[in-house]
């Protein structure tokens, strides 16, 4: 019997404004590895989105991993082959800011590597720590032009999506000559697909502005991406969508997108660190105010410290929800922590909010005239009130507290679909979370 070895390969930072894309490289390698080395994939390729708040991130801050069995005697040749393929791809789509990396690991995934992956999804990892853990776990690292990509490549390997929630995304790619041209995808067919499979897929369209969300807008090779709860669902959805240009190929990824994997619950503001994505409970301590640019800010307290929370202009009507908050409201905020600048302190960039309890809003109104019942007016500072109808005056009357009805209700509020980030869990996924990896793969999960 031929001895086989379990292999994990991680890739990161291969994106380029000139057309390079980490998932595209991964998709191109799959049929080549099957043909050249007869590898047996035991999982779909993994697309692992990392911390979305990192300042030096790539476009979607996504790394990928391939996991397969291969004849042990072919391993060294396979490593050389993959490194050569990546080097050629990077040469074609080189970019001065990118620091591409490949990491190879054989055998099982260590606890150290799983820890690094969780931290890379929720926090900041520096390359030195990544190299240290790679050495400790026996991983083979190949980096080009720097070590930043090693973090993501290792993190992709270290998150096999076997202990928590995951989703799927089918990514289809363009032929080379169409890079940079408008994508030819029939929008009506996308809306039809969403009506048929909206319960099994997510973030296909934004009905508020009648906009499809499955097509990117840059010069990268991705034609479209369909996200869903199963491999079967995204493939079925893809077959409904009408495409008016040649397709180079497509592949189904298993991914942490749409799972809130980046969110870390904290007990208080003192635990917050910049560039993290956090969930924090507290009470509104300053009413919302609109600042230049159309952004809406309110202040939250945990009883000890305060922090500003911001809903930005692109979040659309979500800002109208935030404007309805009042001092004393109990809320749980979710969002990325932005560092302080000369214009503002540390802030939470809101992704969504749970309104847990709304407080009473009291307004103070002038008293009514005891003679004729008309609402009185101020007679001047220290002069009491005067009736505008009958002229009655009083120095003893005071303003009357009145409870103002609140239209805001407890519940979870999110921005419109067009404002979602990759890792944010949309409301339609609640209750569909998975706890175990798939027991088998569908027969047709990539082409070619």
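Each reported figure results from applying straightforward, stated rules to the coordinates on display, with no laboratory input. Everything numeric in this text was worked out from a predicted model, so none of it was measured. All Cβ positions, even for glycine, are placed from backbone atoms using ideal geometry, and neighbour counts span all protein chains on display.
Among beta bridges identified by DSSP and lying wholly in the chain, the antiparallel ones come to about 90 percent. Sequence-distant contacts, meaning Cα pairs under 8 Å at least 6 residues apart, place the relative contact order of region 222-375 at 17 percent. Sorted on the mean count of surrounding Cβ atoms within 10 Å across their residues, most packed first, peptides 225-234, 4-13, 373-382 read 4-13, 225-234, 373-382. With the Cα gyration tensor of region 362-402 giving a ≥ b ≥ c as the square roots of its eigenvalues, does the rule (a/c under 1.5 for rounded; else a/b larger than b/c for prolate; else oblate) give rounded, prolate or oblate? Oblate.
Computed over region 362-402, relative contact order equals 43 percent, with contacts defined as Cα pairs under 8 Å that lie 6+ residues apart.
For the peptides 171-177, 417-423, the ranking by packing is 417-423, 171-177, with the highest mean count of neighbouring Cβ atoms within 10 Å listed first. For the chain, the mean residue ellipticity at 222 nm estimated from helices alone is -6500 deg cm²/dmol, where every DSSP H run of n ≥ 4 contributes -39500 (n - 2.57) and the total is divided by all residues, rounded to the nearest 500. Peptides 240-251, 391-402 ordered by packing proxy, namely the average of other Cβ atoms within 10 Å per residue, highest first: 240-251, 391-402.
Taking a ≥ b ≥ c as the square roots of the eigenvalues of the Cα gyration tensor of region 313-448, is the shape rounded (a/c under 1.5), prolate (a/b larger than b/c) or oblate?
Working: a/c = 4.28, a/b = 3.00, b/c = 1.43.
Here region 313-448 falls in the prolate category.
Its Cα gyration tensor gives the chain an equivalent ellipsoid; the semi-axes, largest first and in whole Å, are 53, 24, 19. Report, in degrees rounded to the nearest 10, the 0 to 90 angle that the Cα long axis of helix 22-37 makes with the longest principal axis of the chain. Once rounded, one gets 20 degrees.
The fewest-to-most ranking of 302, 329, 186, 88 by surrounding Cβ atoms within 10 Å reads 88, 186, 302, 329. The mean sequence distance of close C-alpha pairs (under 8 Å, at least 6 residues apart), as a share of the length of the chain, puts its relative contact order at 15 percent. With everything on Cα atoms, drop me the angle between helix 187-197 and the longest principal axis of the chain, reported from 0 to 90° to the nearest 10. Between the helix axis and the principal axis of the chain, the angle is about 90 degrees.
Look at the Cα gyration tensor of region 4-160: its axes a ≥ b ≥ c give a/c of at least 1.5 with a/b at or below b/c, and that counts as oblate. Helix 231-240 versus the longest principal axis of the chain: what is the Cα-based angle in degrees, 0 to 90, to the nearest 10? Between the helix axis and the principal axis of the chain, the angle is about 80 degrees.
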